[in-house]
Amino acid sequence: MTLLELDNVSFRYPDGSVGLNDCSLAIERGSRNALIGANGSGKTTLFQHCNGLLRPQSGVVRYAGAAFDYSRGGLRQLRSRVGLVFQNPDHQLFSASVQEDVSFGPINLGFDEATVRRRVSEALQAVGMAECADKAVHNLSFGQKKRVCIAGVLAMQPELLVLDEPMAGLDYKMRTEFLTVLDGLHAQGITLLLATHDIDFAYRWADRIHLMAAGQCTASLDATDLAEKGDALSALGLPLPTVIELHRRLQAQGLLPHGCVPRTHGELLVLLETNTYVKEAACR
Ligand SMILES: Nc1ncnc2c1ncn2[C@@H]1O[C@H](COP(=O)(O)OP(=O)(O)OP(=O)(O)O)[C@@H](O)[C@H]1O
Ligand SMILES: [Mg+2]
């Protein structure tokens, strides 16, 4: 079932810049989606259409089949369902303390004090920031700010979580932990849409990969089809994921049999360790 749908959406900024140009995109309930596109291709603009921050100048955005209702009440309900984590945490955080910031969403949704407290504590726990609850937001590191932004949206318990380049600026440990957080959310049935410049990560993680160029979604692909759809990537000047490229070269060298393309380096290593071609080559 389609949860979120942009149907021929166009949007120009007041200075005339094209944000979206006849852009269509569908996000299926329960799926993991990566949006890939060059700087300025319209990813952030698209995301701001997903929770009604921006409104299409032509075209329609639908949630669960119904066109967005841009009234005050309609937007309030929409934002309890669609959580948006901004690209720049400084654009999202505005309260003095971590706890206050994360409380803002659930308070705004009208929950009682005990529910707010529980949601805030669970959300901070989920992003590993429980110990920083009383810390001043402006004293946090960039990566910590990003985590607090994610907690702020988690505390609203959205059905669809939209994250604008969540990995950018996070160190290896934080990225790994963040992936665990995302996996946990996906396991709970939350639909995920994120923007990334990392094609290797997108291939490993996403069910669907959407390509953006010049304000349009030029292709939506199943990640498992990516190996055969290299043209769509090269049209945007993007390389194939490294693991696909390596797998191809190893096959071409006769070191791996033809078969399923691995999704991760770990899977490729297992193929190499377990297949007889490599062992025979090593003995030669
Ligand atoms: N507030 C704004 N006013 C005018 N033009 C804007 C504004 N925000 C974005 N744009 C323009 O709209 C286009 C799409 O920008 P957008 O920020 O959506 O791209 P993006 O894909 O998110 O890029 P990045 O990878 O750099 O984050 C660009 O040409 C950009 O210059
Ligand atoms: Mg952006």
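The values are calculated or read from the model by the stated rules, or taken from the named source; none is laboratory data. All of these numbers come straight from a predicted model, not from anything done at the bench. Glycine gets a Cβ as well: all are built from the backbone with ideal geometry, and neighbour counts include every protein chain shown. Protein only, heavy atoms only, side chains kept; ligands, DNA and RNA dropped before computing areas. Shrake-Rupley method; radii C 1.70, N 1.55, O 1.52, S 1.80 Å.
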Exercise. Considering only DSSP beta bridges with both partners in the range 2-239, what is the antiparallel share in %, to the nearest 5?
Worked result: 55 percent
Seminar exercise, completed: Binned at 5 Å starting from 0, the alpha-carbon pair-distance distribution of the range 2-239 in whole percents comes out as 1, 7, 14, 18, 19, 17, 13, 7, 3, 1, 0
For this session: Over the range 122-211, calculate the relative contact order: mean separation of alpha carbon pairs under 8 Å at least 6 apart, over the residue count, as a percent.
Result: 29 percent
Exercise. Using a ≥ b ≥ c from the Cα gyration tensor of the range 121-164 (square roots of the eigenvalues), is it rounded, prolate or oblate, where a/c under 1.5 gives rounded and otherwise the larger of a/b and b/c decides, a/b for prolate?
Worked result: oblate
Exercise. How big is the gap, in Å, between the Cα center of the range 163-178 and the Cα center of the range 1-33?
Worked result: 24 Å
Exercise. How much net charge surrounds Gln125 when only other residues with a Cβ under 13 Å from its Cβ are counted (Lys, Arg +1; Asp, Glu -1)?
Worked result: +1
For this session: Round to the nearest 0.05 the FRET efficiency obtained for Ile107 and Ala187 when R0 = 30 Å and r is the Cβ-Cβ distance.
Result: 0.65
Exercise. Taking the Cα centre of each part, how many Å lie between the range 80-146 and the range 184-228?
Worked result: 26 Å
Seminar exercise, completed: Here the residues of the range 178-197 lying in the modelled label zone of Glu245, meaning backbone nitrogen under 18 Å from a point 7 Å along Cα-to-Cβ, are 197
Exercise. Counting Lys +1, Arg +1, Asp -1, Glu -1, what net charge surrounds Gly143 among other residues with beta carbon under 11 Å of its beta carbon?
Worked result: +3
Problem set entry | Dipole moment magnitude, nearest 20 debye, the chain about Cα centre, only Lys, Arg, Asp, Glu C-beta charged | 100 debye
For this session: Grab every C-alpha pair in the range 40-93, bin the distances at 5 angstrom width from 0 up to the longest one, and report whole percents.
Result: 4, 18, 29, 26, 15, 8, 1
Exercise. Placing +1 at every Lys and Arg Cβ and -1 at every Asp and Glu Cβ, with all other atoms neutral, what dipole size does the range 134-207 have around its Cα centre, in debye to the nearest 20?
Worked result: 280 debye
Seminar exercise, completed: Helix-only [θ] at 222 nm, the chain, -39500 (n - 2.57) per DSSP H run of 4+, per residue, nearest 500, equals -12000 deg cm²/dmol
Problem set entry | Accessible surface of the chain, 1.4 Å probe, proportion on carbon and sulfur as whole % | 51 percent
For this session: Using all C-alpha to C-alpha distances in the range 10-149, build P(r) with 10 Å bins and read off the rounded percent in each one.
Result: 10, 33, 34, 20, 2
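In Å², and per residue, what accessible area does the chain have when probed at 1.4 Å with the other protein chains present?
I get 49 Å² per residue for the chain.
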For this session: Please work out how much length the chain gains when fully extended from Leu221 to Lys135, using 0.36 nm per residue of separation minus the C-alpha to C-alpha distance, in nm with one decimal.
Result: 26.7 nm
Problem set entry | Most mobile of Tyr203, Tyr70, Tyr13 in a GNM of the chain (Cα contacts under 10 Å) | Tyr13
Seminar exercise, completed: Given a Förster distance of 30 Å, the FRET efficiency implied by the Cβ-Cβ spacing of Glu28 and Arg76, rounded to the nearest 0.05, works out to 0.75
